[in-house]
Amino acid sequence: MSSSPKVERPHIERPLSPHLQIYRPQITSVLSITHRATGVFMSLGSLVLVYWLWAAAYSPAAYACLENCGKGIFLKVVFAGWVFAFYYHLANGIRHLFWDAGKGYSIPAATRSGLAVVAFAFIMTALTWGCILTRSHASETPIASTESVTITTDETTPQESK
């Protein structure tokens, strides 16, 4: 019996599976990661939306504080990002529905639909913020007011003055 001699091979540090360090980013991978990130961002933004609705319904002081905070440029940029995340996630979700139906799997179709998703998100974000900014600059009165309104009804009909 002869045993073969043991050959020492140099130990090379390699990842066990394909990794982000090896592959160049492609549009499908970037859009997939962005889809997940916009989902997380929308979840966080939804918490702010719930607090805003609660403040509008129950706490005029908290609502006034939120209204003052919302006038700053930083929060407007965050809100614009949240609107973009909403439209991007919506359009990419519809794209995934087509993929679930077996449509658009080819690389050219996936690239076109990915670019269409990004274009849709930018266009709809611009249109939404165009409407918001036009509405806020068109009138001096705020969109929502914290003042209470009293409505009285009188069952008698007013009489004409003579």
Might you report the magnitude of the Cβ-based charge dipole of the range 34-121 about its Cα centre, with Lys and Arg at +1 and Asp and Glu at -1, to the nearest 20 debye?
220 debye
Mean Cβ count within 10 Å, highest first, over the residues of peptides 33-44, 68-79, 83-94
83-94, 33-44, 68-79
How many angstrom lie between the C-alpha centres of the range 44-60 and the range 63-134?
22 Å
Based on the mean of other beta carbon atoms within 10 Å per residue, what is the order of 116-122, 5-11, 59-65, most packed first?
116-122, 59-65, 5-11
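Every number in this text was worked out from the coordinates using simple rules, so none of it is lab data. Keep in mind that what you see is a predicted model, and the values were worked out from it rather than measured. FYI the Cβ positions are ideal-geometry reconstructions off the backbone, even for glycines, and counts take in every protein chain you see.
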